[in-house]
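So the structure is just underneath, and the comments pick up after that.
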Amino acid sequence: MQDAVLAMLAKEPSHGYHLRARLRQSLGLLGESMNPGQVYVTLARLERAGLVVCERADGLPDRPERKVYALTPAGQERVTAWLAEVSWPKPDLAEFHLKLIAAAAARLADPIELVAAQRRELLRRLAETQRAALAEPAGSRAVLLLEGIVLRLQADLRWLEACERAWSGAAGKTGDEGEPGGRDDDEAEGA
Amino acid sequence: MKVSSAVLRARGLVKQHGHGQGRVRAVDEVDLEVPEGQTLAVMGPSGCGKSTLLHLLGGLERPSAGEVWLAGRRVDTLSERALARLRRRSVGFVFQAFHLMEELSAAENVELPALLAGFSRREARRRAGFLLEQVGLTGRARHLPSQLSGGQRQRVAIARALANEPLVILADEPTGNLDSTATLDVLRIFEELRAAGQTLVMVTHDERVAATADRLISMRDGMFVDDTRLAGDATGWLGGLIGLEG
């Protein structure tokens, strides 16, 4: 959040409320749930860190939303560093992976059931995200963000399919259906 | 969920291919109720029997055992002729490969099932105009299928499936042949159909298409292994994504 707010100030000095409006516009429906005070809290922190200064205040001096903020040279530097930085959110799959292994080892739960429950939840999220994307007005930039969330959910769903295949193979199913070999385990990624 | 009668119902449905040792049950003792206004997606790996199930529900194939009921009427025992009439009047099909009539224009392709279902020529024409507008193809009404993109052809096919005011639409991999942009157009239309209360059953391996449905059934080896409601209460999960930390 701090980096994003800083980078938005790189265009020109701005009021807090203007920054907030730009954030909301970029995030679409996701931005609706943004805490209204968050931008001001972030700006105050950035000011304490010497990355922004309050240039002037229009109208009433003690109302934070009337303050115009600008980047300091240190703020400029940090924006440049942020843009150059290659980072990506970690997909946290290890926890679920270990959950399946622990559940199976201790016979606490059927891993296939755990996968199915996870899959149901992800599909609900996919449905919700997709509806949000369809509800965005034409030309909205936020659609691109929602599209990214959809694609990640699809990747996770594909991984769950692989989990299901692997764990069904491991459990040998109930063994009463005389079906040798199980499913197409050779077809690594599925379609 | 509102209380409503099942438009489509199946009991102990079985479809068997082959005999003796080589016998395969494509659909294995399936029970299903689809209430009016529900959109249902059936997912599963290829070969799980989902397309066969759809064909049985639409009367395109006959079951080896079990029953299919459409709007309170048993259909698996009907004569070929009665079955064909029922399909013309009450069911709309959408196929992966579109199956449009190549020598007819988009509008004529949509009019045809309306005429076959007993609409007057004028009503059929009006309905076709309305439906093509719904799928965003008013400007393409006079085009032949060969002059349309894959996505446009599938939208014509969806309009055609709606032309007879069907009790249920059955869609078999409706986005199977489409690129992602065209898929989004179909998603949008399916979302509108859901909102409009059109009963719809689709089989698909595309999670995005499935995610437009109210309900999702997973199929493996001819059987249902999961049945989930997708629509309804928002989980509030999306909003939580923007807890962009200080």
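Values quoted throughout were computed directly from the atomic coordinates according to the rules given, and no laboratory measurement underlies them. Quick caveat, the model's predicted, so the values are computed rather than measured. In this analysis, Cβ positions are derived from the backbone assuming ideal geometry, glycine residues included, and neighbour counts consider all displayed protein chains.
For the protein assembly as shown, lysine pairs separated by 8 or more sequence positions, or belonging to different chains, with Cα-Cα distances below 20 Å total 4. Note on A:GLN154 and A:ALA10: with the Förster distance fixed at 41 Å, the Cβ-Cβ geometry gives a FRET efficiency of about 0.75. Summing +1 for each Lys or Arg and -1 for each Asp or Glu among the other residues whose beta-carbon sits under 9 angstrom from that of B:LYS15 gives 0. Rounded to the nearest 500, the helix-only mean residue ellipticity at 222 nm of the protein assembly as shown stands at -14000 deg cm²/dmol, with each DSSP H run of n ≥ 4 adding -39,500 (n - 2.57). Each label point was placed 7 Å from the Cα along the Cα-to-Cβ direction; for B:ALA195 and B:SER64 their separation is 4.4 nm. Residue separation of A:LYS90 and A:GLU147 scaled by 0.36 nm, minus their Cα-Cα distance, works out to 18.7 nm of gained length.
Taking the average, over residues, of other Cβ atoms within 10 Å as the packing measure, peptides B:38-45, A:22-29 rank B:38-45, A:22-29 from highest down. Straightening the chain between B:SER120 and B:SER149 buys 7.4 nm, computed as 0.36 nm per residue apart minus the Cα-Cα spacing. Quick one: if the Förster radius is 41 Å, what FRET efficiency do B:GLU33 and B:ARG142 give, using the C-beta to C-beta distance and rounding to 0.05? Once rounded, the FRET efficiency stands at 0.45. Residue by residue through the range B:184-192, which ³J(HN,Hα) values in whole Hz follow from phi under the Karplus form 6.51 cos²θ - 1.76 cosθ + 1.60 (θ = phi - 60°), with glycine and proline marked x? With the stated coefficients, the range B:184-192 comes to 4, 4, 5, 4, 4, 5, 5, 4, 5 Hz. Modelled spin-label separation between A:GLU121 and A:LYS99, with each label point placed 7 Å from Cα along the Cα-to-Cβ direction: 0.4 nm.
Net charge in the neighbourhood of A:LEU83 (other residues with Cβ under 12 Å of its Cβ; Lys, Arg +1, Asp, Glu -1) is -2. Return, ordered by residue number, the residues of the range B:10-50 whose backbone nitrogen is under 14 Å from a label point located 7 Å along Cα→Cβ of B:THR77. The answer is B:11, whose backbone nitrogens lie closer than 14 Å to the label point.
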